[in-house]
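Okay, so here's the structure we're looking at.
Since every read-out is calculated from the coordinates, none of them should be taken as a lab result. This is a predicted model, so every value here is computed, not measured. For neighbour counting, all protein chains shown are included, and Cβ atoms are generated from backbone atoms with ideal geometry for every residue, glycine included.
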Amino acid sequence: MKRTIVTFVVVAIATVLVFAIITGGGRPQAEADTASQAAPAVTEAQSTSTAGAAAPTNAAVAPAKEVEPAVQAASTPPSPSAKQPIWQAKPASAGAGSMIVGGPLTEADARIQLQLTARGAGIERVLFAQQWKTASARVAAERAMAGKGEFPSDDERYRLEPIDTLAGQSVPLLAVHSLIVDGVAVNMFAAAGGASIWSAAGDGAFETVVHDEAGASIVKARRSFTISRHELRITQSVESLDGKEHRVRWLYYGPGDLTLEPGSLMDIRRFMIGALLSEKRDPGQSIVLSNDTSMVRSSVVSQLEAGQWDLWPTAASTAEQRTLSWFGTTNRYFALAIHSGADNEKGIPSLRAAPAVERIQAQFGDPLATGLPIFTVVTSGEQVIVPGTASAMRLGVYAGPLERRVLLDDAEPMSALNMIGMIVYEMGGCCTFCTFSWLANGLVIFLGLLHDWVVFDWGLAIIALTIIVRLALHPLTRSSQISIARFSKQMSTLKPELDALQKRFAGDKARMQQEQMRLYREKGMNPMGCLGGLAPMVLQMPIWMALYAVLYIAFELRQQPAFFGVFQAISPDWGFLGDLSAPDMFIPLPISVNLYLFTLESINLVPLLMGVVFWLQQKYSAPPATALTPEQEQQQKIMKIMMPIMFPIMLYNAPSGLTLYIATSTFIGFLESKRIRAQIETMDLLKPGKKVGKGLFGGAFARALEQAQAKAQAKQQRGSR
């Protein structure tokens, strides 16, 4: 009875641990509702600057509603005795408002479209021409491209847009916070009462003029947006209007939190940094790294709660003399990243983010039910504005999918900047260490080859991968099953002798173990032979984990149907296996039910079929019967019940591509086991196999047992003296 209870407890604990690994610790939990320090506001009266952004003060300054949103202090507070000038920016002309950049999204070569706003001269939203919120919308769009229907509305298109508020205000993407002119920070976001500071200045361009207290013009600032395929280009220029030389810096909002997509099992958003090694380690300054400088969102939250605002430069980057190349944020499938955007004379993009990006700080936004959103603020390098000229500063922006094909395209600057590093096949929570990201990278490439050159369908590619893995593991599977069968048969024949040894040496465990080892050697038995049966499953677990990360994160599989979309051809509204990165959605339910372990939103067929296959395997692929104690028989019954139930529950809401892989692998394993069993029945299992002490498992077991026996005998001898 005790063994039965222990077995049940072990299986239950294993179930919980595997479920935690599969789901990455469950759905995203709310972050702390309060931070240890609130980010201070920068107002017009508190805004002189020296060499860039200084550390924020401890006290929070609550901004008035008519002042720009709160931002990390990018200035050193002025001396109380010094009289500070108050400069203001005003629209250069009438006609402020919003504008559209980019052609119609229904064109075949369209990529993105921008909706700009005069509020901070920022981006109200980025609409994608070929990316959709749901698989059904994607199918409808493909049919429309083929002339078989109408395009879904723009509301169905995937977009990047402000998702949270800062100081009660929505902040457009990459909006300008202020322009620091000769040490004076001038508000560039919005004037009192929400009046516009920027005015339209042509297609995709805004401009504004900074005035002194007397109303005289000092400088004119201009900001323009252009699109080149997946790349946005922002040109920021400042022109001197008073005939004097000026020193200016731009202070603008950088990439912050992106949307956490509905249905996400975990929060895998990241803050990504690409950096160049020091010139000593990389004299050519041509290698951009991101693997050791990027941060998961939870670590940034912890950093902000500790009052550490700087994301770049950090103490480590300064000590290692690293140079910033680009900075971005990602969610499950998309990214928003900035870099200098400057081209040299050969047309190659600059690998250095400066002067467009010199310093990056982060801060919390307004509290939400799900936690505290994160905003970032970027300080540019200083520019010297010479009278009679306009000094331009270019900012490159990638707003697009985390798609290998795009990020590795030599025609795009993202390839030269090594932004492929933004794709990280790691899950959040407690299973980050066990995702095997190196294996996931290989699986993506291999699955792509199968899809592009062999089967031309992602579902069939997954099945082909399953077959290849099972073929590769077949020799090991066959050997392990033969070892289990041989061990079971030999144990049956040895049971009377082992029982006699237990009675004879009931009071001397060390002697009994010695005699058991002697008996194993004489009979040519390997005591570790039964463990060999676990090897195929153990070797497949990394593939399962890596494939889970691939199917959950890889953009290539996002909204991709299985089997050439045959179920969608039957009915366009039927979502069954229409998205291999989501549950199979065989029968959607009108309501969702929270079952604690997962939320039931649909009847998913593949996990249920997987449970049936597990049951068949347990029933018809069991090892040959041996003499078992009542406790051992009870343990086997528990395992036969737990396995077909445990895996479907754990994987019920997992990507259908993963459940398809496991179900197919289990079914092939069932057929494989039947064939191996037929071969075993023709074999003489009592024929001696490998001697104990030879082979990996046997040798390790023998050595460990002999060492334990030696220690026990030595201890017994010391006690008898």
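Residue by residue, the stretch 144-151 carries 3J(HN,Hα) couplings of 5, 5, 8, x, 10, x, 9, 5 Hz when phi is fed to the Karplus relation 6.51 cos²θ - 1.76 cosθ + 1.60 (θ = phi - 60°); x denotes Gly or Pro. Going from the fewest other Cβ atoms within 10 Å to the most, the residues 585, 639 appear in the order 639, 585. Between the stretch 539-613 and the stretch 162-178, the C-alpha centres lie 36 angstrom from each other.
Taking the Cβ-Cβ separation of residue 384 and residue 316 as r and a Förster radius of 45 Å, what is the calculated FRET efficiency to the nearest 0.05? Efficiency, from the Cβ-Cβ distance: 0.90.
Amide H contacts for residue 131 (H built 1.01 Å from N in the peptide plane; partners 5 or more residues away or on another chain; cut-off under 5 Å): 158. Cα centroid distance between the stretch 290-334 and the stretch 355-392, in Å? Rounded to whole Å, the Cα centres lie 15 Å apart. For the peptides 142-149, 378-385, residues were scored by their other Cβ atoms within 10 Å and the scores averaged per peptide; the highest-first order is 378-385, 142-149. Coupling constants for the stretch 403-411 follow from the phi torsions by the Karplus curve (6.51 cos²θ - 1.76 cosθ + 1.60, θ = phi - 60°), and in residue order they are 10, 4, 4, 6, 6, 9, 6, 5, 6 Hz; glycine and proline get x.
Put +1 on the Cβ of each Lys and Arg and -1 on the Cβ of each Asp and Glu in the stretch 88-426; which of 136, 328, 338 then has its Cα farthest toward the positive end of the dipole? About the Cα centre, the residue reaching furthest to the positive side is 136. Each residue in 469, 386 was given a count of other beta-carbon atoms within 10 angstrom of its own, and listing them fewest first yields 386, 469.
For the stretch 88-426, the spread of Cα positions along the three principal axes, ordered from largest to smallest, is 61, 51, 48 Å. Pairs over the 18 Å Cα-Cα cut-off, from the set 619/674; 90/244; 495/637; 503/637: 90/244; 495/637; 503/637. Residue-normalised convex hull volume from the C-alpha trace of the stretch 135-244: 168 Å³ per residue.
Annotation: amide H-H contacts under 5 Å for residue 219 (H modelled 1.01 Å from N, sequence separation of 5 or more, or interchain): 210, 241. Remark: the stretch 221-226, residue by residue, has Karplus-estimated 3J(HN,Hα) of 10, 9, 9, 10, 10, 9 Hz, where x stands for each Gly or Pro and the curve is 6.51 cos²θ - 1.76 cosθ + 1.60 at θ = phi - 60°.
In a reduced charge model with +1 at each Lys and Arg Cβ and -1 at each Asp and Glu Cβ, the stretch 88-426 shows a dipole moment near 260 debye about its Cα centre.
Near residue 381, the amide H atoms lying under 5 Å from its own belong to 356, 357, 358; only residues 5 or more places off or on other chains count, and H is placed 1.01 Å from N.
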